[in-house]
Amino acid sequence: MNRHWQNWAGTESVAAARVAEPRSAEEVAACIGRAAGDGLRVKAVGSGHSFTGVAVTDGVRLDLGALDRLIDVTEDCLVTVGAGITLHRLNDLLWEHGLALTNLGDIDRQTLAGAVSTGTHGTGARFGGLATQIRGLELVLADGSRVRCSAGERPDLFAASRVGLGALGVITAVTLQVEPAYALHAREEPARLPDVLDTLDDLVDGNDHLDFYWFPHTDRVLTKRNNRVPVADGLRPVGRVRGWVDDELLSNRVFELANRVGRRAPALIPSVNQVSARALTAREYVDRSYRVFASRRTVRFREMEYAMPRASVADVLTAVDRWVRTHDERISFPVEVRFSAADDIWLSTAYDRDTAYVAVHQYHRTPYDTYFDAVEQIMTQAGGRPHWGKLHTLGADDLRPLYPRFDDFVRLRDGVDPAGLFANPYLNRVLGRPAS
Ligand SMILES: Cc1cc2nc3c(=O)[nH]c(=O)nc-3n(C[C@H](O)[C@H](O)[C@H](O)COP(=O)(O)OP(=O)(O)OC[C@H]3O[C@@H](n4cnc5c(N)ncnc54)[C@H](O)[C@@H]3O)c2cc1C
């Protein structure tokens, strides 16, 4: 296997000392033992869809793609699967059993373990991120021991390792609470930013899964309201031609072209954004939940996303709008806004507070630093917590006050991995170096 590795966004690349593809938890434990004996660090890597260096290792890279089986399904919708399964395969498997995940992000290319480890989330004020659906985990720790955790078994490890940043051990199996398969009635509509902000609480609380995209340099917004409906009521998916035009042509091919034009002639970006926002017209359809939640993304970009108290989102967006209007940076990507319920996972970005997520993007060939730095200041002043898998500049001293259980997490990490077998430069920055 290729020792060279690069993440999806192209922000991180590294050569591992060696790569292993264990086929069982026993083999994971053996890999960890050999690496420790050789003085090498270890990192389980998912699909490489994190923008940060959270998955980077120059030691032993573990690819858990072979751990992708359905292990168990119970009558009360508890499903146990191998941790290396991708979300798109998991969605298909669940549907075959008449089941579905409660929530999902924008894409389904990530592995299950990789997605939960950085706190991947979708949207919906009544729903938590993917990790809140976990009811049990099986892990291999740095000493090679195989452990299970749940609310009743090693509860501290459970509270920490559902969003564990790959710092606590290698997850080999995950038990999820899923639900009977459902469809989503999707309504996508253009709107104006001031109108959306004026009626935000009604929009967020009145829809199961609301998100919206605001096009900088304009006041144009595309709202997406996804509401749950029974599958038995019938599906009305987007027609093939309309789907191709909206999702492939406009959202990917024309958008790529618009970004290339914008890179050569930044002054055109505000007009291009006006056109892009208008091109996405209203549409309505009903489809399987996971087909509505996730879409294909082929235009490469860089992203920063902060989680903030839900009540501050209008002020934050107004401040970002003001900054964009008063500076020369030209932003060709929409800003995405999503919502989530509070949870109890120690390093979850929604820990103990109802949350709004604001994500900013820039085309991968365009410098992003000035824009992201300015937005990061606005977000941090609002008490924002950065997504662990997306670009940000915070370190342990900045993060500690944002997470009431931060020191508990670090203490637990120091207990289970005192030598920093699973450490890397990103984890050293955001958590501090292991104690010994
Ligand atoms: C196009 C795109 C769209 C995205 N959309 C969303 C979105 O809608 N919502 C959102 O919240 N995020 C989103 N993200 C971010 C993404 O979901 C996260 O960064 C996620 O962690 C990536 O999963 P992965 O499988 O690629 O894991 P990687 O990036 O490869 O790894 C992430 C972390 O998981 C750890 N890990 C992987 N496997 C294991 C294991 N078996 N045991 C222990 N640790 C493990 C790694 O060590 C690393 O620390 C998006 C990213 C991209 C590029």
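The values are calculated or read from the model by the stated rules, or taken from the named source; none is laboratory data. What you see is a predicted model, and the numbers here were worked out from it, not measured in a lab. Here the Cβ positions follow ideal geometry from the backbone for every residue, glycine too, while neighbour counts run over all protein chains shown.
A few points about this structure:
- Within this structure, L40 fails the test of being without any contact (Cβ under 8 Å) to a residue 40 or more places away in the chain and part of a helix (DSSP H, G or I).
- Any hit, the stretch 109-120, residues being within 12 Å of the ligand (Cβ to nearest atom), surrounded by fewer than 22 Cβ atoms within 10 Å (Cβ to Cβ) and modelled with pLDDT of 95 or more: yes
- The lone exception for A131 - which of (1) surrounded by 24 or more Cβ atoms within 10 Å (Cβ to Cβ); (2) assigned to a loop (DSSP other than H, G, I, E, B) it fails: (2)
- Within the stretch 373-389, tally of residues that are of a type outside the set (V, I, T) and surrounded by 22 or more Cβ atoms within 10 Å (Cβ to Cβ): 7
- Test: residue in the stretch 291-303 that is farther than 28 Å from R228 by Cβ, in contact (Cβ under 8 Å) with a residue 60 or more places away in the chain, of a type outside the set (G, A, S) and part of a loop (DSSP other than H, G, I, E, B): yes
- Residue match in the stretch 417-428 (condition: in a loop (DSSP other than H, G, I, E, B), among the charged types (D, E, K, R), more than 21 Å from the chain's Cα centre (by Cα) and closer than 30 Å to V140 by Cβ): yes
- First in the stretch 402-416 and under 25 Å from Q381 (Cα atoms), second anywhere and surrounded by 15 or more Cβ atoms within 10 Å (Cβ to Cβ) and hydroxyl-bearing (S, T, Y), Cβ under 8 Å, 6 or more apart: Y403/Y351; P404/Y351; R405/Y351; F409/Y403
- Number of residues in the stretch 66-100 that are free of Cβ contacts under 8 Å to residues at least 40 places away in the same chain, in a strand (DSSP E or B) and touching a helix residue (DSSP H, G or I) at 6+ places or on another chain (Cβ under 6 Å) equals 1.
- Apart from one condition, G144 fits all of (1) assigned to a helix (DSSP H, G or I); (2) at positive phi; the exception is (1).
- Residue ID - surrounded by the most Cβ atoms within 10 Å (Cβ to Cβ), chosen from residues in the stretch 38-59 that are among the aliphatic types (A, V, I, L, M) and within 12 Å of the ligand (Cβ to nearest atom): A44
- In the stretch 399-407, the condition of being aliphatic (A, V, I, L, M), more than 16 Å from the ligand (Cβ to nearest atom), surrounded by fewer than 21 Cβ atoms within 10 Å (Cβ to Cβ) and closer than 19 Å to E303 by Cα is met by no residue.
- Some residue of the stretch 94-105 being at pLDDT 95 or above and more than 22 Å from S295 (Cβ to Cβ): yes
- In this structure, N7 does not qualify as crowded, with 16+ Cβ neighbours inside 10 Å, more than 19 Å from V170 (Cα to Cα) and in contact (Cβ under 8 Å) with a residue 60 or more places away in the chain.
- When Y368, Y357 are checked against the criterion of being under 24 Å from R400 (Cβ atoms) and in contact (Cβ under 8 Å) with a residue 12 or more places away in the chain, Y357 stands alone in meeting it.
- Yes/no for R325 being surrounded by 17 or more Cβ atoms within 10 Å (Cβ to Cβ) and not small (G, A, S): no
- Entry remark, the stretch 160-171: residues being more than 7 Å from the ligand (Cβ to nearest atom) and of a type outside the set (A, V, I, L, M, F, W, C) number 2 in total.
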